Amino acid sequence: MTSPPPRLPVVRAATAGVLAVLAALGAGHLVAGLLLTPAASPFFAVGNAAVDRTPAPVKDFAIKNFGTNDKPALLIGMAVVLVLVGAIVGLVSRRSVIPGLVAIVAIGVVGALAVGEQSTDLMGLVAPAAALVAGVGVFWWLHGRARPPATDDAAPRKTLGRRRFLLTSVVAAVGAVVAGAGGVALARRVDVTASRQRVGELVPTTPAPPIPPGAAFPELGTPSFLTPAADFYRIDVNLEVPQLRAEDATLRITGLVDEPLEFTFDDIRSMPLVEQTITMTCVSNEVGGPYVSTANFIGVPLLDLLDRAGIQSGAQQVVGHSVDGFTLGTPLDMLRATGKQAMLAIGMNREALLPEHGFPMRTVVPGLYGYVSATKWLTELELATYDVKPYWVERGWDGQPPGVVPIKISSRIDAPTAFQQLSGPLVTVAGTAWAQGRGISRVEVRIDGGDWQPAELGTEVNRNTWRMFKLTTTLPPGQHTATSRAYDGDGVMQAEERLRLINPGPVPDGATGWQSMIFTVA
């Protein structure tokens, strides 16, 4: 009776599994780079699928705890999980290669399904197919090399087997790293940076009024009034920033229109450009949170473009399509209510958009949260009924009134910071308030639960921007708590109750509540 083959050493088996998984990822990334479709990389495709299926409360937790590092945190977590999975694949195959091969094929199928969700282009499946072939081949090779060679002398056999496996492992590891790095380099052959530089400075036909003196108090701790583009908050669902050159970009207007239209980037740039100062806010912004920024956006009025195509009477929303397949719906009535203020933007602060902020084209609709107003990397505007379900609506969010609400009145204390120690007795509380579309008419501050005191407001720029405030008061030594509340241009007071989720289920429509800041006076 033939005895079963000896088991592989634990370390060798685990190493074979890990390196096979890494080789598969490297090969998939390399082929995706060759095809100029980074989203076809199984690693990113699985990550994007994970983002799509993450429940809203978990996404909120990630944004709250990791901030703009939520995606790097996800990628690191995925890498750790894949290493563990690879080790398990190897360990279950210590006696036979078959279980590991079956597991790798199963992982490959998951990757292919994830890629298929990102694109209907069959060419996109070449990358997961390459990953599968590489994973199976490397695991078969390493598994065979992990067995000690046949020889009558046990000691030399053990040494020879170790050296042979070590050499093979190094070759596999180097190959995986080179393939992955090659995929990254190839994916960057589309030189968006050079394309952006060729766009150059953008000079509007109708510039925004200059920011007046006294609009902000950065010397007291508030932000500068205009946010540098590099510091502008970024929240999106992309693990990789889409790369679209201006010279390759087109904007189609489709759907319920009298005449479908198509514009190139140069067509848009040659139109009379307007500049507007607009504050944007993310619906995921917590009370006192950082996801609010202001810029001078340059572009053309969105409704002017839509009116050229002729909006039909049955249209209810404008669905923006991104180059990566993402869709976002803006209620048409709410868009019309902004008049000429809603924009197809091609620039921020007199420069072309940064890639992470939607280069070469995006939408900006003042007064609405980004999830219903800000399509980045824009390629199409589709006039549609509410039967069309954009990305967030498919995931349970409300995409039409009354579920879609304007940005809520908010105020944030920027200084002093939490638990900061100050020298007294004079203390200045400074911060920022916003209620885009209605403006800010008043901000009040109270100390230690006392009477509300009117704060001094910065100069108003327009009703679509934030407004800074400050209050200087005398305080005795000890710990104190400052609280702020704002009033919009109609005199409506900021809601006191701290709420994060208003609609039934995990559907955010903006946080509410008064922010308090604890600090100490020496």
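We did not get these values from a lab; they are worked out from the coordinates using the rules stated. Everything numeric here is computed off the predicted structure, so don't read it as measured data. Ideal geometry is used to build each Cβ from the backbone, glycine not excepted, and the neighbour counts take in all protein chains shown.
What is the gain in length, in nm to one decimal, between T193 and T472 on full extension, counting 0.36 nm per residue of separation less the C-alpha to C-alpha distance?
On the way: separation 279, 0.36 × 279 = 100.44 nm, distance 4.56 nm.
Roughly 95.9 nm would be gained on extension.
If you plug each phi of region 260-277 into the Karplus form 6.51 cos²θ - 1.76 cosθ + 1.60 with θ = phi - 60°, what whole-Hz ³J(HN,Hα) values come out, in order, with x for Gly and Pro?
3J(HN,Hα) across region 260-277, in whole Hz: x, 10, 9, 10, 8, 4, 5, 4, 5, 5, 6, 6, x, 8, 10, 10, 9, 8.
Only bridges with both residues in the chain count here: give the DSSP antiparallel percent, nearest 5.
That works out to approximately 90 percent antiparallel.
So what J values fall out for region 222-228 if you push phi through Karplus, 6.51 cos²θ - 1.76 cosθ + 1.60 with θ = phi - 60°, rounded to Hz, Gly and Pro as x?
Couplings: 7, x, 5, 5, 8, 7, x Hz.
Please rank V364, V318, V171, fewest neighbouring Cβ atoms within 10 Å first, as an exposure proxy.
V171, V364, V318
Excluding P6 itself, calculate the net charge of residues whose Cβ lies under 10 Å from the Cβ of P6, where each Lys or Arg counts +1 and each Asp or Glu counts -1.
+4
R0 = 45 Å: FRET efficiency of R163 with V237, Cβ-based, nearest 0.05?
Given R0 = 45 Å and the Cβ-Cβ separation, E is 0.45.
Once amide H atoms are placed 1.01 Å from N in the peptide plane, what residues at a sequence separation of 5 or more from M361, or on another chain, have their amide H within under 5 Å of its amide H?
Sorted by chain and number, the residues that satisfy this are W377, L378.
Can you list residues whose amide H is under 5 Å from D509's amide H, if they're 5+ apart or on another chain and H is modeled 1.01 Å from N?
I502, N503
Compare the Cα positions of F44, T294, A179 along the charge dipole of the chain (+1 at Cβ of Lys, Arg; -1 at Cβ of Asp, Glu; about the Cα centre) and return the one farthest towards the positive end.
The one lying farthest along the dipole's positive direction is A179.
Just how many pairs of Lys in the chain have C-alpha atoms closer than 23 Å, counting pairs that are eight or more places apart or on different chains?
12
Please list, in order along region 292-300, the HN-Hα scalar couplings obtained from phi with the Karplus expression 6.51 cos²θ - 1.76 cosθ + 1.60 (θ = phi - 60°), rounded to whole Hz, x for Gly and Pro.
Values, residue by residue: 8, 8, 10, 8, 8, 8, 10, x, 10 Hz.
State, in angstrom, two size descriptors of region 409-522 derived from its alpha carbons: Rg to one decimal place and Dmax to the nearest whole number.
Every Cα atom of region 409-522 included, Rg and Dmax give 14.8, 47 Å.
For the Cα atoms of the chain, what angle does the longest principal axis make with the long axis of helix 98-118, in degrees from 0 to 90, nearest 10?
Long axis of 98-118 versus the principal axis of the chain: about 30 degrees.
What does the extension gain come out to for V11 and E460, with contour length at 0.36 nm per residue minus their alpha carbon separation? Numbers along the way, then the final one.
Values: separation 449, 0.36 × 449 = 161.64 nm, distance 6.64 nm.
Between V11 and E460, full extension yields an extra 155.0 nm.
Compute the angle between helix 42-53 and the longest alpha-carbon principal axis of the chain, please, reported from 0 to 90 degrees and rounded to the nearest 10.
Roughly 50 degrees, rounded to the nearest 10.
Note the full-extension length gain between R395 and T250 as 0.36 nm times their separation in residues minus their Cα-Cα distance, in nm to one decimal.
Working it through step by step, the gained length comes to 49.4 nm.
Only helical DSSP H runs with n ≥ 4 go in: add -39500 (n - 2.57) per run for the chain, normalise by residue count and round the 222 nm mean residue ellipticity to 500 deg cm²/dmol.
Using -39500 (n - 2.57) per qualifying helix, the result is -11000 deg cm²/dmol.
With each pseudo-label sitting 7 Å past Cα toward Cβ, what's the A522-T205 distance in nm, one decimal?
Going from the A522 label point to the T205 one covers 5.8 nm.
Modelling each spin label as a point 7 Å along the Cα-to-Cβ direction, I'd like the Y386/R498 distance in nm, to one decimal.
Once both label points are built, they end up 3.3 nm from each other.
I need Y369, Y291, Y386 ordered by Cβ neighbour count within 10 Å, fewest first.
Fewest-to-most ranking of Y369, Y291, Y386: Y386, Y291, Y369.
For S96, S322, which order do you get if you count the other beta carbons within 10 Å of each Cβ and list the fewest first?
Fewest to most other Cβ atoms nearby, the residues stand as S96, S322.
Would you grab the residues whose amide H sits under 5 Å from the one on G255? Only those 5+ places off in sequence or on another chain, please, with H modelled 1.01 Å from N.
Counting only residues 5 or more places away or on other chains, the set is L383.
With axes computed from alpha carbons, what is the tilt in degrees of helix 70-91 against the longest principal axis of the chain, rounded to the nearest 10 within 0 to 90?
20
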